[in-house]
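None of the figures in this text is laboratory data; all of them are computed from the coordinates on show. In this text, all values refer to a predicted model and were calculated from it rather than measured experimentally. No Cβ is skipped: glycine too gets one built from the backbone with ideal geometry, and neighbour counts run over all protein chains shown.
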Amino acid sequence: MIPHVLPTYNRAPLAFERGEGSWAITADGTRYLDLGAGIAVNVLGHANPDLVAALTHQAGRIWHVSNLYQIPEQEKLADMLVDATFADTVFFTNSGTEAAELAIKMVRKYWDHAGDPDRTQILTFEGAFHGRSTGAIAASGADKMVKGFGPLMPGFRTLPWGDHEALRAAVSDRTAAIMIEPVQGEGGIRPLPDACLKGLREICDQTGALLVLDEVQCGMGRTGRLFAHEYAGITPDIMMVAKGIGGGFPLGAVLATEQAAAPMVAGSHGSTYGGNPLACAVGAVVMQIVADPAFLAEVNRKGALFRQKLEGLVAAHPDVFEGVRGQGLMLGLKCRAAPADLVRAAYDQHLLTVPAADMTLRLLPPLNITDEDIAEAVARLDRAAASLR
């Protein structure tokens, strides 16, 4: 018989009743050190007192009114995002998938408004993950994402990761946009070199194509900058954000320049829940904390400390690990053993990690993880690796 919860996940036999900082705790009091953070969502850890205070305060005032009315909490968060980024305008969603869907619509609407409605091709890259809507899976092009869900939304072309010649051959005056993650998450913690991101910006400038960045996983301080593209010194035309922006409360956003967003007039898009007062009250506190240069400096310091310790772990277990990749606190262990085996071995050490493609184990702790918890995490990874021998 089918479970009451649709079985689209191979769930671990674990359930958590509460959390404290970087720790998730089961009903019997067993503590698990959380290096997944809800897949890069809980950027300030579990039960963060500032976020709890923001949520409970807003919950005592008003929860939901819909976007038929002005929402001061939404306007405040939009102002913060615009002030901190390239963007001129923001649309709030409930998830990264919804943000991806709007980004695709915005690209199509842009070219229709420009008088070129047949300019619809969006170039994407192997290993990409942009969500699980029909548009987002079409953008990924991966068999595991699209098999059985056809016919797919047309207008996407998936290119090999890192193949510059294939990219140059694919780009034309019919290219509507290039869509890419500055650091692939599901694809195996694969950062795009700064030079490549600059090159994509140059191609878009030369052809008029829009540059769409998916920073759902790598954004909101995860790499040590507020957004990962800042390292390359470029700006996109459209950017998808989610996961960490709500610190655990469902929230996403599409940020855009005025030029890219101008055709999105009243009635062209909507969301019943997107940007509701509860979500935006929490998101504003997340932004206030995470966008602080001192906080981001600590993310970089902790990322360097974590990476140094992980390099030692790789050296100690060359039969299990191949290397370390990533930036800030978005780190991956390239494995020789199956990442799923490492995830299970880590459970035995009361440690939570996340598998990814390309034989990679993702390490995505809260951005405020302590130095002591980093040391403890590596010790537990060491024991997990040793158990695989």
- The simple spin-label model distance between residue 4 and residue 164, using points 7 Å out along Cα→Cβ, in nm, is 5.7
- Fully extended, how many nm does the chain gain between residue 348 and residue 105 (0.36 nm per residue separation, minus their Cα-Cα distance)? 83.0 nm
- Query: With +1 on each Lys and Arg Cβ and -1 on each Asp and Glu Cβ, how big is the dipole of segment 293-354 about its Cα centre, in debye rounded to the nearest 20?
  - Reply: 180
- Message: Strictly greater than 25 Å: what percent of every Cα pair in the chain meets that?
- Response: 56
- Taking the DSSP beta bridges in the chain as the whole, what percent of them are antiparallel, to the nearest 5? 65
- Relative contact order (%) - segment 2-108, alpha-carbon pairs under 8 angstrom, separation at least six: 13
- Item | Cβ-based charge dipole, the chain, positive-most Cα from 346, 228, 210 | 346
- Message: Along the charge dipole of the chain, pointing to its positive end and built from +1/-1 on Cβ of Lys, Arg, Asp and Glu, which listed residue (161, 63, 252) has its Cα farthest out?
- Response: 161
- Taking the square root of 5λ for each eigenvalue of the C-alpha gyration tensor of segment 115-226, the equivalent ellipsoid has semi-axes, largest first and in whole angstrom, of 21, 20, 13
- Query: Which residue, 167, 102, 14, has the most motion in a Gaussian network model of the chain that connects Cα atoms within less than 10 Å?
  - Reply: 14
- Taking the Cα centre of the chain as origin, sum charge times position over the Cβ atoms of Lys and Arg (+1) and Asp and Glu (-1), and report the length of that vector in debye to the nearest 20. 740
- Query: Taking the convex hull of the alpha carbon atoms in segment 36-76, what volume per residue do you get, in Å³?
  - Reply: 103
- Message: If you average 1/r across every pair of different Cα atoms in segment 293-354 and take the reciprocal, what Kirkwood value do you get, in Å?
- Response: 12.5
- Coil-residue trypsin sites (Lys or Arg not before Pro) of segment 123-191, DSSP, other Cβ within 10 Å capped at 10: 147
- For segment 25-95, state which chymotrypsin sites (Phe, Trp or Tyr not before Pro) are in a DSSP loop and have at most 12 other beta carbons lying within 10 Å of their beta carbon. 63, 69
